[in-house]
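I have placed the structure first, in the form of structure tokens, so that the comments after it can refer back to it.
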Amino acid sequence: PRGAGSKASGDKPAAEWHDFDISTARRAVYSIAPLQARRYVLMEVRGNLIKEERQALVRRFGGGAFEVQARVAVGAPTQDFRETVQRLVLKQKQESSDRAFQVKKMEEKRKWQGGKTQV
């Protein structure tokens, strides 16, 4: 729970489930992650805002194998961004609808052709 300890936060909850400790899992991921050549997203708001914690985390992924980037978005998005996202979502929905329509059309055509050959 968030209020359970003095260090509890939404980023690093002070919760344990049975024998599963969140901090142990986090340490395991952080120790294995630098060995894998993959992209990672570390979404720890509090930890990334505190300079010392951010630097310690970046050091774990040092060595030039990783590119460190930060994106901060605070507040309501701009109208241009909302329109762009809305346009992309609408495009995805339309493509999905078009695919579903084509599948339905092909099924109806198969049924019609199947009925035609039986006559």
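The phi-based Karplus calculation (6.51 cos²θ - 1.76 cosθ + 1.60; θ = phi - 60°) puts the 3J(HN,Hα) values of region 31-38 at 7, 8, 3, x, 7, 9, 8, 9 Hz, whole numbers, x for Gly and Pro.
Since only W112, Q86, S97 are under comparison, the one whose Cα sits farthest along the positive direction of the charge dipole of region 77-119, derived from C-beta charges on Lys, Arg, Asp and Glu, is W112.
For region 16-91, a crude dipole built from +1 on the beta carbon of Lys and Arg and -1 on the beta carbon of Asp and Glu, taken about the Cα centre, is about 300 debye to the nearest 20. Put a dot 7 Å past the Cα of E95, heading toward its Cβ, do the same for E107, and the two dots end up 2.3 nm apart.
Calculated FRET efficiency, D21 to R54, Cβ-Cβ distance, R0 = 30 Å: about 0.80 to the nearest 0.05.
Laboratory data are not the source of any read-out in this text; all were calculated from the coordinates shown. Computed from a prediction, not measured in an experiment: that's the story for all the values here. Note that we place each Cβ from the backbone using ideal geometry, even for glycine, and neighbour counts take in every protein chain shown.
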